[in-house]
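J.: The structure that follows is given in the form of structure tokens.
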Amino acid sequence: MKFGGILGFETGIMLAPMGVDIAGPELVAAVANAGGIGLIASPVNNYEVTVKVINDTRKLTNKPFGAGILLEFEQTKTIRAIFDEKLACLQVYWGNFPKEMVDEAHKHGVKVIHQVGSVKAAERAIAAGVDCIVAQGSEAGGHVVGTVSLTALLPRIVDAVGNRNIAVVAAGWIADARGYVAALALGAQGVAVGTRFIGTKEAYAQDYYKQQLLHYNEEQTDRTDLYERFNWKADVRCMRTPFYEQWKDAPDFVENDNYQPIVGKSIFFEKEAVLRRFSGQVMNRTTTGNLEDMVLYAGQGVDLVNDIVPAAEVVRRFVDGAKAIIQGLSKNYLPKPKKDKDNDHSEVCVNKGKEKKKWRKDVLKLFIVNNSLLFL
């Protein structure tokens, strides 16, 4: 299964740390066991719960894995838990992670992955000394920080990294091996995958959510700030459900505050949470209520999700599919090496073989003639 490994992992397939808890222990462990880079969706600023999630994951795998955090919120306690538990890597997103924090992570043996949506943000991450940069295109699902498409952004970030020992990973719309190979062609060493991994058996997402992935295409996603305005006004990419189409042009004062009706309930990290209309919290397996009125995050690669399979199968399809595509490209587009007749020993052997066969045939003819003469 080894193919294109980065950061000490067997492959370059990275699980996006999808929250609130979609990328939970079961999914992270399944990706890790398949050789991928599993990233936990970390609780917000909670030491004890973070340690519990890490330990629950370790019960399911002996492979290395990491965790992701959003820098928009205070995360001191969660970061401390990740350092104390000495995870393989920490992914940070939506904010700055200065050099002193990167150095602190390295002291604990934790590699730093910084997801960015612009070249300027990538340059800051490079200066901070991170180990990996995830270039997120605007086609990505969930929270989207940048406005540039992946194919335009990725080569620019690759150029900014240059010959430094920093891995570059592509994120946004990639849901199959073709996207993986395209990212490699643009200079990336791996891909960060979200939407495709929601459509797996181990993802801690509501079955309703998983099934909806099978019915939407790239034109049926949209970028919006409709959800979670009261807590965090940030752009997300989601599916254009009938509910979203009804409310997408709602004015800015329409927020998911206490004046909005309750549309459902969920249990996040063992605590019950009330979901109000326009909540940005993703429905997990425990979610009940008016599911059709809740947000469904998805990237523009959603139409490439055609089945719900184990996470290991997704990793296998990426790896084996990429190998086959690269071999096919080599066969169809690279010229075959020309033979050097002066040094072509194989041709000499073939000619010697032909001469030997001819000698045997001549001897046989002579033997037949001589025997015939004896009987005359």
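J.: Could you grab me the full set of residues in the stretch 26-66 that are touching a Ser or Thr at 6+ places or on another chain (Cβ under 7 Å) and under 22 Å from G199 (Cβ atoms)?
T.: Matches in the stretch 26-66: L27, V28, A29, A32, N33, G35, G36, I40, F65.
J.: Here's something else I'd like to know. Of all residues in the stretch 138-172 being under 30 Å from G280 (Cα atoms), of a type in the set (S, T, N, Q) and part of a loop (DSSP other than H, G, I, E, B), which is most open to solvent (accessible area, probe 1.4 Å)?
T.: Filtering the stretch 138-172 for residues under 30 Å from G280 (Cα atoms) gives 138-154, 157, 168-172.
With of a type in the set (S, T, N, Q) added as a condition, the list becomes 138, 147, 149, 151.
Now restrict to residues that are part of a loop (DSSP other than H, G, I, E, B): 138, 147, 149.
Numbers: S138: 19, T147: 114, S149: 41 Å².
For the stretch 138-172, the residue satisfying everything is T147.
J.: Answer yes or no as to whether K323 is under 21 Å from G12 (Cα atoms), basic (K, R) and surrounded by fewer than 19 Cβ atoms within 10 Å (Cβ to Cβ).
T.: On the way: under 21 Å from G12 (Cα atoms): yes; basic (K, R): yes; surrounded by fewer than 19 Cβ atoms within 10 Å (Cβ to Cβ): yes.
So K323 passes the test.
J.: Separate question: Could you tell me which residue of the stretch 2-33 is farthest from V309 (Cα to Cα), considering only residues that are open to solvent by 20 Å² or more (accessible area, probe 1.4 Å) and in a strand (DSSP E or B)?
T.: G4
J.: Those residues that are open to solvent by less than 50 Å² (accessible area, probe 1.4 Å) and assigned to a helix (DSSP H, G or I), I need them from the stretch 294-311; list them, please.
T.: Matches in the stretch 294-311: V302, A311.
J.: Step by step: first the residues of the stretch 248-293, then only those that are among the hydroxyl-bearing types (S, T, Y) and assigned to a strand (DSSP E or B), then the one that is nearest to the chain's Cα centre (by Cα). Which residue is that? I'd like the intermediate steps shown before the answer.
T.: Within the stretch 248-293, the first condition is being among the hydroxyl-bearing types (S, T, Y), and the residues that meet it are 259, 266, 279, 286-288.
In the following step, the residues that additionally are assigned to a strand (DSSP E or B) were identified as 266, 288.
Working: S266: 26, T288: 29 Å.
Selected residue: S266.
J.: Quick one: in the stretch 100-137, of everything that is touching a Leu at 6+ places or on another chain (Cβ under 8 Å) and within 14 Å of R156 (Cβ to Cβ), which residue is surrounded by the fewest Cβ atoms within 10 Å (Cβ to Cβ)? Lay out the reasoning, then the answer.
T.: First pass over the stretch 100-137, keeping only residues touching a Leu at 6+ places or on another chain (Cβ under 8 Å): 105, 110-113, 117-119, 131-132, 135-137.
Those left that are additionally within 14 Å of R156 (Cβ to Cβ): 117-119, 135-137.
Details: G117: 27, S118: 17, V119: 15, A135: 32, Q136: 31, G137: 24.
Of everything passing the filter in the stretch 100-137, V119 is surrounded by the fewest Cβ atoms within 10 Å (Cβ to Cβ).
J.: Working carefully through the options G194, G187, find the one that is surrounded by 14 or more Cβ atoms within 10 Å (Cβ to Cβ), closer than 13 Å to Y297 by Cβ and within 17 Å of the chain's Cα centre (by Cα).
T.: Checking each option against the conditions leaves just G194.
J.: Which condition number in (1) open to solvent by 10 Å² or more (accessible area, probe 1.4 Å); (2) under 16 Å from A171 (Cβ atoms); (3) not polar (S, T, N, Q) is the one that F73 fails?
T.: (2)
Quick grid of which residues meet (1) under 18 Å from L15 (Cα atoms); (2) in contact with a Phe, Trp or Tyr (Cβ under 7 Å, 6 or more places away or on another chain); (3) of a type in the set (D, E):
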{"position": "L213", "(1), (2), (3)": "yes, no, no"}
{"position": "R223", "(1), (2), (3)": "no, no, no"}
{"position": "Y244", "(1), (2), (3)": "no, no, no"}
{"position": "D252", "(1), (2), (3)": "no, no, yes"}
{"position": "Q281", "(1), (2), (3)": "no, no, no"}
{"position": "N284", "(1), (2), (3)": "yes, yes, no"}
{"position": "I308", "(1), (2), (3)": "yes, no, no"}
{"position": "V319", "(1), (2), (3)": "yes, yes, no"}
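J.: Please state which of the following conditions I82 fails to meet, knowing it meets all the rest: (1) of a type in the set (V, I, T); (2) crowded, with 23+ Cβ neighbours inside 10 Å; (3) within 23 Å of F3 (Cβ to Cβ).
T.: Single failed check for I82: (3).
J.: In the stretch 35-51, what residues are open to solvent by 10 Å² or more (accessible area, probe 1.4 Å) and in contact with a Leu (Cβ under 8 Å, 6 or more places away or on another chain)?
T.: Residue satisfying the conditions is V44 alone.
J.: Since N62 meets every condition but one in (1) touching a residue at least 12 places away in the same chain (Cβ under 8 Å); (2) open to solvent by 40 Å² or more (accessible area, probe 1.4 Å), which condition does it not meet?
T.: Answer for N62: the failing condition is (1).
J.: How about the stretch 197-221: which of its residues are charged (D, E, K, R), open to solvent by 20 Å² or more (accessible area, probe 1.4 Å) and more than 12 Å from G301 (Cβ to Cβ)? Lay out the reasoning, then the answer.
T.: Going residue by residue through the stretch 197-221, those that are charged (D, E, K, R) are 201-202, 207, 210, 218-219.
Next, from what is left, pick out any that are open to solvent by 20 Å² or more (accessible area, probe 1.4 Å): 201-202, 207, 218-219.
Matches in the stretch 197-221: K201, E202, D207, E219.
J.: Within the stretch 184-205, which residues are more than 17 Å from S330 (Cα to Cα), assigned to a helix (DSSP H, G or I) and of a type in the set (A, V, I, L, M)?
T.: Within the stretch 184-205, I198 is the sole residue that qualifies.
The values are calculated or read from the model by the stated rules, or taken from the named source; none is laboratory data. Predicted, not measured: the structure shown is a model, and the values here were computed from it. Glycine also receives a Cβ, built like all others from the backbone with ideal geometry; neighbour counts cover every protein chain displayed. We work out accessible area using only protein heavy atoms, side chains counted, and drop any ligands, DNA or RNA first. Shrake-Rupley method; radii C 1.70, N 1.55, O 1.52, S 1.80 Å.
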